[in-house]
C-alpha cells in the first residue's frame, strides 16, 4: 500500500529573476501567466520564452472551453517545458498543456484519449491557497455539464514547484484571505480523511498551526499585516497541498463545486461557505475519531474548549471576511435538491474521503441551513 508520495522537487527563491536564471528559461519554454504578473516581475528580464496571458482566453475559473482555446493557440510549437506562474486557474490549465497531441479537454476528463506527457511542468504559485503545485489534480468547469470535474493522474505532478514569496505582495486582500482559507480547509479535510496517516497528519498540522496563527495575527494587527507573513503563508499552503495530495479532501469541496460552477464563485470563497457546517456535522456524528486530536489542537491554538472550536474558527474568519447566505449568490430554494443530487452523482471521488459518511438527507440539510 502506497503510504506517502512527493515526486515534485520543491524549490524556493527570493525573487523571480533568481528563479529565471537558475532554470535557464528560454526559447523552448511556454510560460502561462497574467499580464499583471508579467509586467512587474518578468518584462524587464527580456526572457526569450513564449508568454501566454490566461485572461486573454476568458475570465474566472478554468473551463474546458478556455483550455481548448489555449491548446489551439500553442499547439503549433514543440515546447520542452510548460511554466505556470499564477493562481489556481493558471495552474490547472498549465497541467493540461503537457500532453502530446491533445485538442479536446472534455475527452481528457472523460478518459476518451490516451494521455502521454511530453513536456516538463514547472509551477510557480502566486496565491497562498491552491497547493496545486504539489498535487496530481486538475479541476475545470465543464460547460456542457454545468459542473466541475477533476482529472487525477501522476503525470499531472509538477517536475518542480517553485516558491517565491514576493509574488504574493500584490495579491488583493480578499483573494489572499480566500486562498489562505482554502489552504486551511485542505489541511483540515486531509487530516481527518480515511487516507490520512502519520506523515500526512504531521504536515497537515503544521499548515493548520501556521495558518490559524497567521489569521489571528491579521485580525489583531489589521489587513496590511499579511505582508509580514507572506513566506509563512506560501509555505503553509504548500504543506497543505502535500497533505491533501496524499490524503484527499472531502465533503467541503464536494458541496462547494456546484455552487462554484453555477454562480462562478471563486473556489476558496465557495469552500469557505461550507467548511465549518460540514465539520460540525462530522463532530456530532463521531467526536472520538481522528477529529478528536484535531479539535484538541485547534482548541489549544484558539484558546477555547474543544466543544467550541468551530464556532471560534468562524469568529476568527468572520473578522477577516463575512460569510454570505447561499441565496445571496443567486441560489434559489428550489435548487437545493438539484445541488444535492449533483453532489451525490458527480462527486463520489471526493465523498470517499469524508471523515464519516454523509447521507443525501444530511447533505441536503447542510445546504438548507446555509441557504
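Using the Kirkwood radius over Cα pairs, work out the Stokes-Einstein diffusion coefficient for segment 172-370 at 25 °C and 0.890 mPa s, in µm²/s as a whole number.
This corresponds to a translational diffusion coefficient of 146 µm²/s.
How many nm separate the modelled label positions at residue 73 and residue 202, each set 7 Å beyond the Cα in the direction of the Cβ?
A separation of 4.3 nm, rounded to one decimal place.
What is the Cα coordinate range of the chain on the first, second and third principal axes, sorted by size from largest, in whole angstrom?
57, 44, 44
Would you mind checking segment 216-234 for residues with the amide N under 18 Å from a putative spin-label position 7 Å along Cα→C-beta of residue 173?
Inside the label zone: 216-230.
Arrange 120, 220 by Cβ neighbour counts within 10 Å, fewest through most, would you?
Fewest-to-most ranking of 120, 220: 220, 120.
Return one number: the angle in degrees, 0 to 90 and rounded to the nearest 10, between the long axis of the Cα atoms of helix 291-302 and the longest principal axis of the Cα atoms of the chain.
That helix lies at roughly 80 degrees to the long axis.
Once both axes come from the Cα atoms, what is the angle between helix 360-370 and the longest principal axis of the chain, in degrees from 0 to 90, rounded to 10?
Between helix and principal axis, roughly 90 degrees.
Find the relative contact order for segment 172-370 and round it to a whole percent, using C-alpha pairs within less than 8 Å whose residues are 6+ positions apart.
29 percent
Once you keep just the Cα pairs under 8 angstrom separated by 6 or more residues, what percentage relative contact order results for the chain?
The normalised contact order for the chain reaches 16 percent.
At 10 °C and 1.306 mPa s, what whole-number value in µm²/s does Stokes-Einstein give for the translational diffusion of segment 208-281, with Rh from the Kirkwood sum over Cα pairs?
After rounding, the answer is 114 µm²/s.
Across 10 Å bins from the origin, how do the percents of Cα pairs in segment 1-101 run, short distances first?
Over segment 1-101, the share of Cα pairs per 10 Å bin runs 13, 45, 32, 9, 1 percent.
Expressed as an acute angle from 0 to 90° and rounded to the nearest 10, what is the orientation of the C-alpha long axis of helix 251-263 relative to the principal long axis of the chain?
Between the helix axis and the principal axis of the chain, the angle is about 60 degrees.
Which three extents, in angstrom, do the Cα atoms of segment 47-104 have along their principal axes, listed largest first?
Its Cα atoms span 28, 27, 17 Å along the three principal axes.
Compute the distance from the alpha-carbon center of segment 12-27 to that of segment 251-300, in whole Å.
37 Å
Taking only DSSP H segments of four or more residues, each worth -39500 (n - 2.57), what value at 222 nm results for the chain once the sum is divided by all its residues, to the nearest 500 deg cm²/dmol?
-15000 deg cm²/dmol, from helical runs alone.
Largest first and in whole Å, what are the equivalent-ellipsoid semi-axes of segment 9-167 based on the Cα gyration tensor, each being the root of 5 times an eigenvalue?
Three semi-axes, in Å: 24, 16, 15.
Take residue 280, project a point 7 Å from its Cα along the Cβ direction, then tell me which residues of segment 319-334 have their backbone nitrogen under 17 Å from it.
Counting only backbone N, you get 319, 322-327.
Could you give the spread of the C-alpha atoms of segment 146-273 along their three principal axes, from largest to smallest, in whole angstroms?
Taking the Cα atoms of segment 146-273, the three principal extents are 38, 37, 28 Å.
Fewest first, what order do 3, 282 take by the number of other Cβ atoms within 10 Å?
In increasing order of surrounding Cβ atoms, one gets 3, 282.
In what order do 101, 50 fall by count of nearby beta-carbon atoms within 10 Å, going from fewest to most?
By the 10 Å Cβ count, ascending: 101, 50.
Since every read-out is calculated from the coordinates, none of them should be taken as a lab result. In this text, all values refer to a predicted model and were calculated from it rather than measured experimentally. Using ideal geometry, Cβ is built from the backbone for each residue, glycine included, and neighbour counts are taken over all protein chains shown.
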